[in-house]
Amino acid sequence: MCAAAIGRGLGVAVKVRDGSSRASGPAVIQALAWLGVLSEEQVSSLAAFARPAVLGGGEPVGELVADFELKRG
């Protein structure tokens, strides 16, 4: 589980279904961008965390990308 307090009575909590934490960073960063908390420039500066590389044999073979919908809870 990963959470971020935004202020203004808002917060974001992320639970990845497979229990792994590797997708938490991309999910939280995307949610904060959608909520207008992070600018495109800030998201770009967090690229290593927002779209981390997936390695195969020690070489990049892809990247993790956040793909979800926000729900009010």
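The values are calculated or read from the model by the stated rules, or taken from the named source; none is laboratory data. Note that this is a predicted model, so its numbers are computed, not measured. Because the Cβ atoms are built from the backbone with ideal geometry, glycine has one as well, and the counts that use them run over all protein chains shown.
Can you pull out every residue in the stretch 14-60 that is under 24 Å from Arg72 (Cα atoms) and either in contact (Cβ under 8 Å) with a residue 60 or more places away in the chain or basic (Lys, Arg) (or both)? Residues satisfying the conditions are Lys15, Arg17, Arg22. In the stretch 51-73, the residue that is farthest from Ala3 (Cα to Cα) out of those that are modelled with pLDDT of 90 or more and of a type in the set (Gly, Ala, Ser) is Gly57.
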